[in-house]
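J.: Dumping the structure here so I can ask a few things about it.
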Amino acid sequence: MSRGWLPSGVVDYTLLCGVVVSLGTGLASLVANPNDAWLFLLHGAAGVTLVGFLGAKLWRVRRSIRAGVRARSGRVAASILLTLLIVAALGSGVAWVFGATIPGPWTLLVAHAALGVVTTVVLLGHLRDRFHVPSRADLTDRRGTLAWLGAVTVGGVAYRVTDTLGTERRVTGSREAGSDAGNRFPVTAWVADAPEPVDPEEWTLSVTGRVGRAQTYGYDDLPSATTARALLDCTSGWYSEHAWQGVRVGDLLDAVGLQDGAAWVQFRSVTGYRWSLPLAEARDALLATRVDGERLSHGHGFPLRLVAPERRGFQWVKWVETVRVTRRRDRSEWVAIHVSGLGE
Ligand SMILES: Nc1nc2c(c(=O)[nH]1)N[C@H]1C(S)=C(S)[C@@H](COP(=O)(O)O)O[C@H]1N2
Ligand SMILES: [Mo]
């Protein structure tokens, strides 16, 4: 077999590492601080760099693919499926950067994430079948090393070009929507939350858990409000920046006092949707009643919604009715956000 510039073991291994980095950073980007640029940059760079290596691999195996197709080999069919998935995942990511949209309830970015997850599953099957580490000779081959460095550099440059030519967006990939326009920005549910409008006459806010003296507030006797600018960045691909007005969580906590061991603060919606922040971060968060001077609309979480500037949108709990101080992180919230509102 004629040897290409890049030893096949090195191409395969680079592809594996690139896919692992892309998938890992992609998953992490859903929960990371939306202002931590490096994670998002690494995700994009790894993705674009993969394109060249994938091309090299497909060129190398073109004959075995043709033979496999003719022989109706199941293994080759699975490899073709994996290739198509990776191409679709990479393509949807790049298309998103260039401003493409798709019809239907999902954004292209959500489709991109879903393709990433499906790819992971199929890749695990492929690796069980085919995994091999590159040989020592491959790794120490001088010409191969230079070719590899060249390919990665071209990938990096291609990424820079893509990044620059792409549409207007944040480092997370999110596009602007309705900033500074009061309630006129998108209403989004993580899965299925769509409660009836909350009646402020019946609604109360409870501050409980590991506090000195639990308190309950009505809408009209919430502690005094402050204003803060903050940017909501939804993982489905839009962001919106506003002046939020409401109660600083630190002020709420000072009013009730904390017991020893208090470490987390959980914000719980009337729907059961909930999320926790570490105490120090929670203190600086806001429970907003107003946005850009307007009373929050029902869709945006009236009467009270969490504003957590370091967090992705899905953690900005809407329709909050309980603030609970705890010692440990409540893991059940990972389930709660996915199932709240489902059986209603
Ligand atoms: N209770 C509850 N809060 C929620 C959600 C939800 O489904 N239920 N969706 C989250 C998501 S995914 C986002 S992006 C923001 C969107 O806030 P908005 O609808 O006010 O734009 O709210 C978050 N808060
Ligand atoms: Mo979201």
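J.: Which trypsin sites (Lys or Arg not before Pro) from the stretch 244-344 combine a DSSP loop assignment with at most 15 other Cβ atoms within 10 Å?
T.: R327, R328, R329, R331
J.: Related question: For the Cα atoms of the chain, what angle does the longest principal axis make with the long axis of helix 37-60, in degrees from 0 to 90, nearest 10?
T.: Result, in degrees: 20.
J.: Mind pulling the per residue volume of the convex hull built on the Cα atoms of the chain? Å³ is fine.
T.: Roughly 166 Å³ of hull volume per residue.
J.: Shifting gears a bit: Count the net charge of all other residues whose Cβ sits under 9 Å from the Cβ of Y273, scoring Lys and Arg as +1 and Asp and Glu as -1.
T.: It works out to a net charge of +1.
J.: To the nearest 500 deg cm²/dmol, what mean residue ellipticity at 222 nm is calculated for the chain from DSSP H runs of n ≥ 4 alone, each contributing -39,500 (n - 2.57), summed and divided by the residues?
T.: The helix-only estimate for the chain comes to -14500 deg cm²/dmol at 222 nm.
J.: In addition: Can you compute the modelled spin-label distance between E310 and E196, with each label point 7 Å from Cα toward Cβ, in nm?
T.: 3.9 nm
J.: With r defined as the distance between the Cβ atoms of H298 and R329 and R0 fixed at 25 Å, what FRET efficiency is calculated, to the nearest 0.05?
T.: 0.25
J.: Right, something else. Pop the C-beta distance of A189 and R63 into the FRET formula with R0 = 41 Å and round what comes out to the nearest 0.05.
T.: 0.25
J.: Here's a follow-up. Could you state the number of Å between the C-alpha centres of the stretch 286-344 and the stretch 168-218?
T.: Going from one Cα centre to the other spans 5 Å.
J.: Also: Can you give me the angle between helix 8-31 and the longest principal axis of the chain, using Cα atoms only, in degrees from 0 to 90, rounded to the nearest 10?
T.: Approximately 10 degrees, to the nearest 10.
J.: Report the gain in length on full extension from T164 to R136: 0.36 nm times residue separation, minus Cα-Cα distance, nm rounded to one decimal.
T.: So the extension gain works out to 6.2 nm.
J.: Note down the nm distance, to one decimal, between modelled labels 7 Å out along Cα→Cβ at Q259 and at D36.
T.: Using points 7 Å along Cα→Cβ, the separation is 3.2 nm.
J.: Pop the C-beta distance of A225 and C17 into the FRET formula with R0 = 56 Å and round what comes out to the nearest 0.05.
T.: 0.65
J.: Let me ask something else about it. If one takes the longest principal axis of the Cα atoms in the chain, at what angle in degrees, from 0 to 90 and to the nearest 10, does the Cα axis of helix 142-165 lie?
T.: The helix 142-165 is inclined about 40 degrees to the chain.
J.: Okay, moving on. When a footprinting reagent is the concern and you count Cβ atoms within 10 Å, what order do L277, L108 take, fewest first?
T.: Ordered from fewest to most neighbouring Cβ atoms within 10 Å, L277, L108 come out as L108, L277.
J.: Got the relative contact order for the chain handy, in percent, Cα pairs under 8 Å and 6 or more residues apart?
T.: Once normalised by length, the contact order is 18 percent.
J.: If each of A114 and T216 carries a label point 7 Å out from its Cα toward its Cβ, how far apart are those two points in nm?
T.: 4.3 nm
J.: Just to confirm a number: summing +1 for Lys and Arg and -1 for Asp and Glu over residues other than R175 whose beta-carbon lies under 11 angstrom from that of R175, what do you get?
T.: Around R175, the charge tally is -1.
J.: Less than 10 Å Cβ to Cβ from V207, Lys/Arg counted +1 and Asp/Glu -1: what total charge do the surrounding residues give?
T.: Once positives and negatives cancel, what remains is +2.
J.: Using all C-alpha to C-alpha distances in the stretch 297-344, build P(r) with 10 Å bins and read off the rounded percent in each one.
T.: 20, 54, 25, 1
J.: What is the spread of the Cα atoms of the stretch 8-131 along each of their three principal axes, largest first, in whole Å?
T.: Projected onto the principal axes, the Cα atoms of the stretch 8-131 cover 49, 34, 24 Å.
Readers should treat all values here as calculations from the given coordinates under stated rules, not as data from a laboratory. Model, not experiment: these values are computed from the prediction. Because the Cβ atoms are built from the backbone with ideal geometry, glycine has one as well, and the counts that use them run over all protein chains shown.
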